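As structure tokens, the structure follows; a few thoughts come after it.
Since every read-out is calculated from the coordinates, none of them should be taken as a lab result. From a predicted model like this one, the values you see are computed outputs, not experimental measurements. Quick reminder, even Gly has a Cβ in these numbers, built from the backbone with ideal geometry, and neighbours come from all protein chains shown.
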Ligand SMILES: [Cu+2]
């Protein structure tokens, strides 16, 4: 617990100072993330359960200092991973949570979303203990699903 607490403090401090502190956690070669139960072009009904897959690495809660682990993030109805809503480079500065970027820092491997009818885009990004994408990044392509009434 103490380590998680300290990591949370360090993360908060990094946001305040705006300093680059990561972007250098190496991913395991060959590791990849994927949607277990959804594919590009799928039509679904709401609520939508989304199951997160990761191969070659393990899932651990945010702040856990254990090599080869990270946690899932879902980018919903926004541009692909790159620049955050604050204009910062997400590959360097990390993932800032919002309605459109959801952290699963408890180590969750699925979620259920209430989505309005229409098309929605989803992208999964696996992040390190400090919510920064790995190097090289582990992320899915952006998929588009249609929610039917
Ligand atoms: Cu995170």
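Structure values in brief
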read-out: Footprinting exposure proxy for 57, 88 (fewest neighbouring C-beta atoms within 10 Å first); value: 88, 57
read-out: Which of 145, 138, 102 has the fewest Cβ neighbours within 10 Å, and the rest in rising order; value: 102, 145, 138
read-out: Cα-based shape type of the stretch 21-95, given that a ≥ b ≥ c are square roots of the gyration tensor eigenvalues and the cut on a/c is 1.5; value: oblate
read-out: Whether the stretch 2-148 is rounded, prolate or oblate, judged on the alpha carbon gyration tensor where a/c under 1.5 counts as rounded; value: prolate
read-out: Rough spin-label spacing in nm, given labels placed 7 Å along Cα→Cβ, for residue 148 and residue 79; value: 3.3
read-out: For 66, 83, order by how many other beta-carbon atoms lie within 10 Å, fewest first; value: 66, 83
